[in-house]
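One structure is given here, and the rest of the page talks about it.
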Amino acid sequence: MSQQGVEISKMTPEQKELMYTAAATEMDYRVDLFNKMVTGCYEKCIDKKFKDGDLNVGENSCVDRCTAKYWQAVGIVGQMLGAAGPEQPK
């Protein structure tokens with residue numbers, strides 16, 4: 001069953017194509033979001049002169065805070081967009 005409660009076997013080819021396109025778009029969005037978070041937090045938190053093979057305590061806590069704030073901001077934006085609801089065609 002899909003999220004809408006419709007069995008895939010009962011979907012038309014057009015409905016299946018729309019579903020797969022939406023899933024691919026969502027995956028692209030998630031990958032892009034993750035890559036932006038990694039890049040931003042890396043540039044902000046990681047010393048460019050690698051001294052150790054592991055993150056030091058300061059870098060580790062910075063990455064933790066950075067990623068938490070990033071996901072919190074993504075959640076707030078998602079809630080705001082969800083509250084606005086999908087635009088209805090006229």
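Numerical summary
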quantity: Index of the failed condition, Asn35 passing every other in (1) out of contact with any helix residue (DSSP H, G or I) (no Cβ under 9 Å at 6 or more places or on another chain); (2) not in a helix (DSSP H, G or I); (3) not aliphatic (A, V, I, L, M); calculated: (2)
quantity: Some residue of the stretch 74-82 being in a helix (DSSP H, G or I), in contact with a helix residue (DSSP H, G or I) (Cβ under 7 Å, 6 or more places away or on another chain) and modelled with pLDDT of 95 or more; calculated: no
quantity: Complete set of residues in the stretch 3-25 that are within 30 Å of Gln72 (Cβ to Cβ), open to solvent by 80 Å² or more (accessible area, probe 1.4 Å) and at pLDDT 85 or above; calculated: Thr25
quantity: Answer from Lys44, Lys51 - the residue that is free of Cβ contacts under 8 Å to residues at least 12 places away in the same chain and of a type outside the set (Asp, Glu); calculated: Lys51
quantity: Residue among Asp54, Asp32 that alone is open to solvent by 60 Å² or more (accessible area, probe 1.4 Å) and at pLDDT below 95; calculated: Asp54
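The values are calculated or read from the model by the stated rules, or taken from the named source; none is laboratory data. From a predicted model like this one, the values you see are computed outputs, not experimental measurements. Backbone-built Cβ (ideal geometry, glycine too); neighbour counts: all protein chains shown. We work out accessible area using only protein heavy atoms, side chains counted, and drop any ligands, DNA or RNA first. Shrake-Rupley method; radii C 1.70, N 1.55, O 1.52, S 1.80 Å.
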